1. Looking at segment 92-109, which of its residues are touching a residue at least 24 places away in the same chain (Cβ under 8 Å) and open to solvent by 80 Å² or more (accessible area, probe 1.4 Å)?
2. Given (1) over 30 Å from residue 245 (Cα atoms); (2) β-branched (Val, Ile, Thr); (3) buried (at least 16 other Cβ atoms within 10 Å of the Cβ), where does residue 60 come up short, assuming only one miss?
3. Condition first: under 16 Å from residue 76 (Cβ atoms) and open to solvent by less than 10 Å² (accessible area, probe 1.4 Å). Can you find one or more residues in segment 378-392 that meet it?
4. Would you point out the residue of segment 269-286, among those that are open to solvent by less than 10 Å² (accessible area, probe 1.4 Å) and in a helix (DSSP H, G or I), that is farthest from the ligand (Cβ to nearest atom)?
5. Of all residues in segment 393-415, count the ones that are open to solvent by less than 20 Å² (accessible area, probe 1.4 Å) and touching an Asp or Glu at 6+ places or on another chain (Cβ under 9 Å).
6. With respect to residue 224, is the statement that it is away from the ligand (no atom under 16 Å from the Cβ) and more than 17 Å from residue 177 (Cβ to Cβ) true?
7. Tell me yes or no: at least one residue of segment 65-86 is open to solvent by less than 60 Å² (accessible area, probe 1.4 Å), farther than 24 Å from residue 265 by Cα and part of a helix (DSSP H, G or I).
8. For residues in segment 247-268 being away from the ligand (no atom under 11 Å from the Cβ) and among the β-branched types (Val, Ile, Thr), which is nearest to residue 305 (Cα to Cα)?
Amino acid sequence: MDELRHAGRLAADVTADYLGGVGDRPVWQPVTEADRDWLTRQDLPSAGRPLSDLVHDIRTRVLPYPMGNGHPRFFGWVNSAPSAAGVLVAPIAAALNPSCAGGDHAGVLLEHTVLRWLADLAGFPHRTGGGLLTSGASMATVVALAAARRRAADRDGADVRADGLYGRPPMVLYVSAEGHSCLRKAAELLGLGSRHVRVVPVDGAFRMDAGALRDMVARDARAGLRPFCVAASAGTVNTGAVDALDEIADVAAAHGLWFHVDGAYGALGALTAPGGYAGMARADSLVLDPHKWLGVPVDCGCVLWRDPVPVRATFSLVPAYLRDDDEDGPGWFSEYGPEQTRPLRALRTWATMSHLGRDGIVRLVGTTVRLAHTLAAMIGAAPDFELLAPVSTSIVAFRYRPAGPPDRLDDLNRRIPAAVQHRGRAFLTGTRLAGTEALRACLLNPATTEDDLALLLDEIRAAATGRAAEIRP
Ligand SMILES: Cc1ncc(COP(=O)(O)O)c(C=O)c1O
């Protein structure tokens, strides 16, 4: 263990130096040819190498080429900086290396606590057996929709586990035009067919049109299809919009649909703007990713559900060698999802949440929402930028609109994200919004400053006009 102790100290220093200096380095930089060659073409050494040599390789060949999240001027997709507490305990989780499929050990017990804490933060009803940590929202969504499919089939007197979907009227899932692509992926994976995923239009604030939903469900039912689930969003990936969850819950209740809420990114926004999330607690399932706004190091997604029974009935398959003799308990986590061996995600999540405390989590959400409003105000005041959506969480959707012919704007805005990224001083990504090419900045890092936001806008101008990167004082 002396070798591990020595190399571990080196690794701790390398980690702290890396995190301490993130803001002073390029957000992203291209990989040199020599390092690309090393990263992609190295041979497996025949003789093993000392641990401290591996730390050296990581310092010189890996750490210079981050994706960019962690930097205060990273505004891309939905990727946060890692929490210090999560980084701290990751090696300890690896040292324990359990499978959290089930059993009576610390990892499993801590996962129950973390799920209760997450439900509590989101104001979601919780009882033991009411959730699962997953690799991310995509897997969490598969779990939720599988349970929804099972419950609908049960209600029709069908056994979807035994018979699949053969011979049944097609089940129909409703998502908004702004719903995340993981919903359609899950529907395809579950054999529902993307033809039976209805795309409900959105209103001017990019929220699901509940009236249109009601009409579409009624039309499908009249046509002999089987509407079974509506997936609303509590924070869309494009604009951070939160659907009118109460209204959608009413439609779901009226038509016996499973009410799913994708709050993977935005559910925690309820901590500072609870009014906007009314109805979220009525969901049958809620996805809420700790590896997004909370900053738990990847991976850690989460799905919570109101009633454990249909979820366990969907996945439980307990061979004799996995039997749990505690028949009245919630059973194993592996009975609530497709994975058997499951990593210890709870330790990183527990550490992150404990370190921040409830107050710190509220502050984190409040600070980043305020930063988003500040950026939106800067955009509103700039003659060469245009806000494309209201800010309701911590995402700002906008575009660069310099004077000139408007027919070139789409082309210009499509080219901006890559050009900004290559300059290395800020990182943002683009999207398409209501048929328009858009830029979007997702604010998740409380270390971001107003100067960083001003620099982002300058970088967009410079990237659009091809100006050389000049270093600001
Ligand atoms: C709203 C929303 N839902 C789902 C997902 C998918 O999450 P994951 O990448 O963790 O599977 C994302 C990812 O950004 C998201 O923003």
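1. 92, 96, 97
2. Condition not satisfied by residue 60: (3).
3. No, segment 378-392 has no match at all.
4. 280
5. Matching residues across segment 393-415 total 5.
6. Criteria met by residue 224.
7. No, every residue in segment 65-86 fails to be open to solvent by less than 60 Å² (accessible area, probe 1.4 Å), farther than 24 Å from residue 265 by Cα and part of a helix (DSSP H, G or I).
8. Going through the qualifying residues, I end up with 248.
The values are calculated or read from the model by the stated rules, or taken from the named source; none is laboratory data. Computed from a predicted structure; not experimentally measured. All Cβ positions, glycine included, derive from the backbone under ideal geometry; neighbour counts span all protein chains shown. Areas reflect the complete protein model, heavy atoms only, side chains present, ligands, DNA and RNA absent. Shrake-Rupley method; radii C 1.70, N 1.55, O 1.52, S 1.80 Å.
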